[in-house]
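Structure first, commentary second.
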Amino acid sequence: MQSIEQLIAQEINAQPRQVAATVALLDEGATVPFIARYRKEVTGGLDDTQLRTLEERLRYLRELEERRETLQQDASSLLNEYSEIKAALESAKYQMDQANARKAALAEEVSELDKEKIAADEQLRESRRLHEQALGAIEHLSSEK
């Protein structure tokens with residue numbers, strides 16, 4: 001990938017050293033009119049149009065580079081957040097699977113207890129029926145005497 005200075009040099013038909021020198025002057029706070037009048041020897045004779053284009057492209061390309069870096073940082077941050085969310089979801093799914101397994105085991109235990117209770121209730125009813133029959137037989141035998 002070309003540097004900003006190399007790209008601008010191609011765009012304004014200048015040497016990279018001319019662009020580098022002009023960028024240094026601009027970064028030091030020099031204005032285009034000042035550079036055009038008093039620093040022609042430093043810039044290698046760049047004219048006003050080339051200097052103005054250089055300044056505009058330099059500003060634009062630097063802002064573009066800053067935006068690219070910001071987007072890369074944002075993308076990296078989002079990727080980290082995605083990874084954290086994915087891990088949390090996997091953990092939650094694992095916990096849910098564990099809870100469902102415990103729930104199924106408890107449901108099985110409840111079912112077994114229900115079956116035992118039904119059997120015990122049936123035995124109790126049968127015992128009461130037999131008890132009633134025995135009492136009836138005792139009463140019948142007592143009344144015959």
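Values in this text are rule-based calculations from the coordinates and carry no lab data. Since we're looking at a predicted model, the values are computed, not measured. We place every Cβ from the backbone using ideal geometry, glycine too, and count neighbours over all the protein chains shown.
Points to keep in mind about this one:
- Here residue 102 meets the list (1) in a helix (DSSP H, G or I); (2) touching a helix residue (DSSP H, G or I) at 6+ places or on another chain (Cβ under 7 Å) almost entirely, failing just condition (2).
- Qualifying residue in the stretch 77-95 (condition: of a type in the set (Phe, Trp, Tyr), farther than 30 Å from residue 12 by Cα and more than 10 Å from the chain's Cα centre (by Cα)): yes
- Filter result for residue 70 (in a helix (DSSP H, G or I), surrounded by 10 or more Cβ atoms within 10 Å (Cβ to Cβ), among the β-branched types (Val, Ile, Thr) and touching a residue at least 12 places away in the same chain (Cβ under 8 Å)): no
- Count of the stretch 47-93 residues which are among the hydrophobic types (A, V, I, L, M, F, W, C) and touching an Asp or Glu at 6+ places or on another chain (Cβ under 7 Å): 0
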